[in-house]
1. Among His26, His153, His168, which one shows the biggest mean-square fluctuation in a GNM of the chain, springs joining Cα atoms closer than 10 Å?
2. In the neighborhood of Gly284, defined by Cβ-to-Cβ distances under 14 Å, what is the net charge if each Lys or Arg adds +1 and each Asp or Glu adds -1?
3. At 0.36 nm per residue, and after removing the present C-alpha to C-alpha distance, how many nm does the segment from Gln32 to Asp235 gain when stretched out fully?
4. Have a look at the DSSP beta bridges in the chain and tell me what percent are antiparallel, nearest 5.
5. For the chain, what are Rg and Dmax over the alpha carbons, in angstrom?
6. Determine which lysines satisfy two conditions relative to Lys71: a Cα distance under 20 Å, and not lying fewer than 8 residues away in the same chain.
7. What translational diffusion coefficient, to the nearest whole µm²/s, does the stretch 183-284 have by Stokes-Einstein, given a Kirkwood radius computed over alpha-carbon pairs, a temperature of 25 °C and 0.890 mPa s viscosity?
8. Mean shadow of the stretch 109-247, computed from the convex hull of its alpha carbons, in nm²?
Amino acid sequence: MNNTAPLRHFAVVGNPVKHSRSPAIHQQFGRQTGISLQYGLLESPLDEFKRTVTDFFSSGGWGLNVTVPFKEEAFELCGDKLSDRARLAGAVNTLWMQDGTLRGCNTDGVGLLADITRLGIHVQDKRVLLVGAGGAAKGVLFPLLDAGCQTLHIVNRNAARAHDLGKHTAEHLPHYASRLSSGGLDQAQGEWDIVINATSSSLAGEAPALAGVTYAQGALAYDMMYGPQPTPFMDQALRAGAQLVSDGLGMLVEQAAEAFLIWNGVRPQTGPVLSALRATMQEG
Ligand code: NDP
């Protein structure tokens, strides 16, 4: 540990935010890499996100993660100071200051892809159903297409939002347009190799009201939400025939590692942190 370096201050900003495991993850990354840091929870009033971010950085903050429901607002705040990943996603989950200017990136997609690979599934040529059209869904669309999925069908409770997201993606990435489709939750019919729940339905203790989903042989059902117990979506998927189910704890650790790299220039090891976090979570 370098004890002479100044303490770096980080936080995750959201509303609600108290469920976040990000502080535990980043503190472990700090110990692992010898970077002296403090990582807190920052609950922002819903209508004061900009002020919350400004106050954090003016008081010397080094970096912020952004969670529900502020990722799109964080994108707007960054103007044109965005990474390609953030620009394509239209959502930001990682903020920092550089040359006195706020910058934004989106590390959710990299995190999801890394975790799906850890589970032994390769996205190439797979039929993917993406449930949700909020910031998290936006963040993973391009990486899924770029990884070579065969088809990507987006469904959302508010179907218009799914259509808008599909249209936006097809306009920005016309070479992927033929693989994309969209609809409401009642238009999820088909046989899928990977079904990803990118909604916050589990926060309300429920699974999305999906209709007509068939899981292919060896299919993966992946819930971005995580917790000590299987989520309602994971239970729903097992009942519907999914052979492999996972929550999003691994994605959380992987996207955090990518943010840590942006802020500190060092990539921490994720495996030990994921194991420790899972054990702590299961102990309650
Ligand atoms: P947003 O608030 O931007 O979007 C919420 C989404 O959930 C919308 O598509 C919304 O649909 C949908 N939704 C909410 N409640 C229900 C419900 N009861 N039934 C069906 N759909 C519902 O949130 P984010 O996209 O930022 O986050 C979504 C989830 O992903 C959160 O639970 C978050 O914790 C998790 N996440 C996990 C990560 C990880 O690393 N594991 C990373 C990022 C996110 P509608 O448009 O109709 O309102």
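FYI, it's all coordinate maths here, none of it is from the lab. Just so you know, these numbers come straight off a predicted model, no measurement behind them. FYI the Cβ positions are ideal-geometry reconstructions off the backbone, even for glycines, and counts take in every protein chain you see.
1. Fluctuation is largest for His168.
2. Numbers: positive: Arg21, Arg278; negative: Glu283.
With Lys, Arg at +1 and Asp, Glu at -1, the neighbours total +1.
3. Values: separation 203, 0.36 × 203 = 73.08 nm, distance 3.49 nm.
Working it through step by step, the gained length comes to 69.6 nm.
4. Details: 8 of 44 bridges.
Taking every DSSP beta bridge within the chain, about 20 percent pair in antiparallel fashion.
5. 18.4, 59
6. Within the straight-line cut-off, Lys71 pairs with Lys18, Lys50, Lys81, Lys138, Lys167.
7. Working: Rh = 14.9 Å.
Translational D for this selection: 165 µm²/s.
8. On the way: hull surface 29.1 nm².
Averaged projected area of the stretch 109-247's Cα convex hull equals 7.3 nm².
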